[in-house]
Every structure is written in structure tokens, then in C-alpha cells.
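Reviewing the structure listed below.
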Amino acid sequence: MTGFFTARPVGGIGLVLFLNAGDPPLGILEPMLRALDAARVDCLELAVPFPDSVSDGPLIRRSADRALANGTDLDGVLSVVARLRPQLRHLKIALLADWRHTVRHQPLPDFLRRVSGTGADAVLVHGLPPRLGPALSEEAGRIGLPLVTSCYASSTSAVMDEAARRATAYLYLVAHYGRTGTTPPQGFAALAPVIGRLRNAGRAPVAVGFGVKERAHLDALRLAGADAAIVGSAFVALMEAAQAGGRDAVAEAVAWVEALRPSIPAVQPEPMS
């Protein structure tokens with residue numbers, strides 16, 4: 001079951017990166033997306049920045065504040081996606097928007113149609129009130145916009161099952177309760193039973209995030225059965241350091257992705273009879 005991540009290497013794991021649109025500034029986003037596409041990153045979770053996220057750690061909150069200070073808003077982000085998405089051959093874009101800050105100020109069907117019109121590959125609505133989950137799924141399905149849903153590894157069975165059923169792009173499995181940037185104390189290998197349960201409950205691939213920072217983490221998630229790993233805080237930290245040091249953020253991103261890629265065991269030839 002790979003679905004959204006069908007282009008990943010055989011025996012490998014999909015790679016999803018998170019970035020707040022506007023940090024680095026939108027002018028750098030175009031060469032950044034082209035470079036990530038050439039480096040065969042599978043998906044970019046591109047967030048419309050919003051303030052005061054209760055689920056994000058200080059790194060991503062600082063990034064959102066910088067993006068907002070740069071004047072980044074929904075209109076600007078949608079314009080960039082509409083212009084760049086046709087140029088990408090491998091990289092997919094999952095647009096992330098916060099319900100309270102971005103989405104609720106307009107009818108939900110209008111928002112989803114605008115996202116779909118850019119050519120974005122999926123949408124994730126952060127902080128959506130649970131009562132609106134059915135309406136989001138129905139409308140996204142009606143217009144053919146793949147949906148990212150989420151749940152925690154510690155969520156109840158009912159919440160997990162609902163998230164798995166409604167996901168049509170991928171299910172974002174949050175590795176542990178807390179804030180972004182913190183690695184689960186029990187390790188990623190312990191998620192194997194949860195990943196298996198979610199696979200049985202739905203048809204969308206399972207991507208795991210929160211605390212994924214290094215090659216060993218991606219290897220552990222691959223062995224645990226995840227379809228993809230989501231790397232957020234580590235990538236945002238790289239972008240923050242590059243900007244602070246006046247370095248080429250695009251070049252550093254490409255080098256970092258290559259160093260991050262998990263090792264893939266070579267396929268052993270079958271013995272000759």
C-alpha cells in the first residue's frame with residue numbers, strides 16, 4: 001500500500017518535508033521546490049503560516065513568525081503553488097492550512113476549490129473541529145482533492161479508525177503526544193503495531209512525523225512498516241541556520257536531503273538451481 005508515495009524506491013520509504021511558506025521568503029521557494037524535485041523528495045508539506053500553534057515547538061513557531069512578518073498569506077501561497085506545481089515532475093505538494101487562522105473565514109467548499117485549482121496534490125486542515133470532519137471529507141471527495149488526516153499513536157481506537165477511513169492522500173501518524181521536534185522516548189520501532197492497525201483500517205499510506213531527524217530514524221520507520229517519514233523541525237532548523245548565516249539555503253537543503261536518505265538493502269539475487 002503505497003498510493004501517494006508510489007514513486008519511492010523499491011524497499012525504501014517516502015520522504016516528506018515540512019516548510020512554512022515564506023520562510024525562507026517566497027522568492028526562494030521557487031528554486032527550492034525545483035531543487036527538491038530534482039533531489040526526488042516525495043512530498044512537501046507547505047504550510048500557510050499561522051501564529052501561536054499549540055502543537056509546534058519553538059523552531060517551527062519562530063519560522064511561522066518570520067513568514068508572517070514577511071507578509072505571507074493564503075493568496076500569496078496559492079499563487080506560488082499554482083505557478084510552480086506544473087513544473088514539478090516528482091515532488092508533490094500537500095498544502096497545510098490552519099482552521100482558525102486561515103480556513104474558517106470563508107466557506108469550506110470555497111477554500112477547498114481554491115486549493116484544488118492550484119494543482120496542489122493534497123490538503124491538510126490543521127485544528128479542524130471534529131464535528132466538521134465529515135463535511136471536509138465529503139467536499140474534498142466531491143471535487144477530487146486528496147485529503148491528509150492525522151491521529152496520534154496514543155489516540156483511541158475510534159479516532160484512529162476514523163482518521164484511516166477518511167485519509168485519501170496519506171494518514172499523518174503523530175509519533176507521540178507533545179510538540180514538534182521531540183523524538184518519542186520509546187523509539188520509532190515501537191510504532192509497528194499502530195502502523196499495522198492503521199493499514200488494516202484504511203486504504204491510504206501511513207506517514208510518520210514528530211521527532212524524525214536523521215537517517216537512523218527513517219531506517220527505523222521503514223522497518224516498522226511506514227510508507228513515509230515526515231521531517232519538520234530538523235528541516236526548518238536547517239533553513240533557519242542558513243538564513244542566519246547568509247548561506248545558500250537551496251544548496252544546503254539538497255546536501256542535507258542526500259545525507260538524510262535512508263540506506264536501502266540491496267535486493268539479493270535468487271540462487272540459481
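Here are a few things to note about the model shown:
- Of residues in region 90-111 being more than 17 Å from residue 139 (Cβ to Cβ) and over 18 Å from the mean Cα position of the chain (by Cα), the one surrounded by the most Cβ atoms within 10 Å (Cβ to Cβ): 101
- Candidates are the residues of region 59-76 that are touching a Gly at 6+ places or on another chain (Cβ under 8 Å) and either over 20 Å from residue 150 (Cβ atoms) or of a type in the set (Phe, Trp, Tyr) (or both); the one that is surrounded by the fewest Cβ atoms within 10 Å (Cβ to Cβ) is 71.
- Some residue of region 137-146 being among the charged types (D, E, K, R) and open to solvent by less than 60 Å² (accessible area, probe 1.4 Å): yes
- Matching option when the condition is at pLDDT 95 or above, in a helix (DSSP H, G or I) and hydrophobic (A, V, I, L, M, F, W, C), among 145, 198, 171: 198
- Note on region 224-241: residues that are farther than 28 Å from residue 202 by Cβ and in contact (Cβ under 8 Å) with a residue 60 or more places away in the chain total 4.
- Residue within region 6-29 that is surrounded by 16 or more Cβ atoms within 10 Å (Cβ to Cβ), within 17 Å of residue 121 (Cα to Cα), touching a Lys or Arg at 6+ places or on another chain (Cβ under 6 Å) and not aliphatic (A, V, I, L, M) present: yes
- Helices (runs of 4 or more DSSP H) fully within region 1-106 that include at least 2 residues being touching a Pro at 6+ places or on another chain (Cβ under 8 Å): 58-69.
- Residue 117 out of contact with any Pro (no Cβ under 9 Å at 6 or more places or on another chain) and over 27 Å from residue 39 (Cα atoms): no
- Any chance residue 109 is of a type outside the set (Asp, Glu), in contact with an Asp or Glu (Cβ under 7 Å, 6 or more places away or on another chain), more than 30 Å from residue 224 (Cα to Cα) and part of a loop (DSSP other than H, G, I, E, B): no
- Residue 12, sole failed condition from (1) closer than 18 Å to residue 226 by Cβ; (2) in contact with a strand residue (DSSP E or B) (Cβ under 9 Å, 6 or more places away or on another chain): (2)
- Residue that is among the aromatic types (Phe, Trp, Tyr), at pLDDT below 95 and more than 30 Å from residue 26 (Cα to Cα), where the choices are 210, 188: 188
- Subset of region 248-264 (residues that are at pLDDT 95 or above and part of a loop (DSSP other than H, G, I, E, B)): 248
- Note on region 201-222: among residues that are touching a residue at least 12 places away in the same chain (Cβ under 8 Å) and assigned to a helix (DSSP H, G or I), the one that is surrounded by the fewest Cβ atoms within 10 Å (Cβ to Cβ) is 215.
- For region 30-58, a residue qualifies if it is over 11 Å from residue 91 (Cα atoms) and open to solvent by 10 Å² or more (accessible area, probe 1.4 Å), and the qualifying residues are 30, 31, 50, 51, 52, 54, 55, 56, 58.
- Out of 117, 225, 187, sole residue that is of a type outside the set (A, V, I, L, M), farther than 27 Å from residue 103 by Cα, surrounded by fewer than 18 Cβ atoms within 10 Å (Cβ to Cβ) and in contact with a helix residue (DSSP H, G or I) (Cβ under 9 Å, 6 or more places away or on another chain): 187
The values are calculated or read from the model by the stated rules, or taken from the named source; none is laboratory data. Note that this is a predicted model, so its numbers are computed, not measured. Neighbour counts are summed over all protein chains in view; Cβ atoms, including those assigned to glycine, are modelled from backbone coordinates with ideal geometry. Remember, those area values only see protein heavy atoms, side chains included, never the ligands or the DNA or RNA. Shrake-Rupley method; radii C 1.70, N 1.55, O 1.52, S 1.80 Å.
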